[in-house]
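Asks: Please see the structure below; I have some questions.
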Amino acid sequence: MEIILSPTPVLLVDDDPVITRLLEVNFRLMGFRVAAVARGDVALERASAVPPSAVVLDVKLPGMGGYEVCRQMRQIDTLAEVPVVFLTASAPDEEETALGGLGPVDFVGKPFDPAELVELVRRRVAERLSS
């Protein structure tokens, strides 16, 4: 497997410190730089300041929910094309996703296989870098 190092960190956004640590370790093992935050509003601020290569985003977050973080990212030129992978404990909320504004996203259910999640993000980053 070819390792694609992200030119900027992958932003991990989850309010569960165990999940955040699990993700940090797995992404770093695959050569990614990572940044992690636990609140949606802080994630948007961080992404605006340092546009990430990709965002792994929990749906339910304090401060601002994941769907709203994604919608606001899509309105910022430097973030509009950043790959977003939602982590969710339930099926994607059809009402929320139907409202639009999310752009192309992926959904990964909890519990998840960390290696598969890292591979999905690696593919999305590689696709973005090659376009």
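Asks: Does Met30 satisfy being open to solvent by 20 Å² or more (accessible area, probe 1.4 Å) and closer than 17 Å to Arg123 by Cα?
Replies: Working: open to solvent by 20 Å² or more (accessible area, probe 1.4 Å): yes; closer than 17 Å to Arg123 by Cα: yes.
Yes, satisfied.
Asks: Something else about it: Which residues, taken from region 24-39, are of a type in the set (Phe, Trp, Tyr) and part of a loop (DSSP other than H, G, I, E, B)? Talk me through it step by step, then tell me what you get.
Replies: Of region 24-39, the ones of a type in the set (Phe, Trp, Tyr) are 27, 32.
Matches in region 24-39: Phe32 only.
Asks: Residue by residue through region 40-74, note down the ones that are assigned to a loop (DSSP other than H, G, I, E, B) and within 22 Å of Glu127 (Cβ to Cβ).
Replies: Of the residues in region 40-74, the ones assigned to a loop (DSSP other than H, G, I, E, B) are 50-53, 59-65.
Answer for region 40-74, where residues must be assigned to a loop (DSSP other than H, G, I, E, B) and within 22 Å of Glu127 (Cβ to Cβ): Val50, Pro51, Pro52, Ser53.
Asks: Still on this structure, I have one more. Regarding Gly40, is this residue surrounded by 13 or more Cβ atoms within 10 Å (Cβ to Cβ) and modelled with pLDDT of 95 or more?
Replies: For Gly40, the condition - surrounded by 13 or more Cβ atoms within 10 Å (Cβ to Cβ) and modelled with pLDDT of 95 or more - is met.
Asks: In addition: Just to check your reading of the model, which residue among Ala115, Ala89, Ala49 is more than 14 Å from the chain's Cα centre (by Cα), open to solvent by 60 Å² or more (accessible area, probe 1.4 Å) and at pLDDT below 90? Full working, then the answer.
Replies: On the way: Ala115 fails: at pLDDT below 90; Ala49 fails: at pLDDT below 90.
The unique qualifying residue is Ala89.
The values are calculated or read from the model by the stated rules, or taken from the named source; none is laboratory data. These figures come from a predicted structure and were not determined experimentally. For neighbour counting, all protein chains shown are included, and Cβ atoms are generated from backbone atoms with ideal geometry for every residue, glycine included. When the accessible area is computed, the model is the full protein with side chains, heavy atoms only, and any ligands, DNA or RNA have been set aside. Shrake-Rupley method; radii C 1.70, N 1.55, O 1.52, S 1.80 Å.
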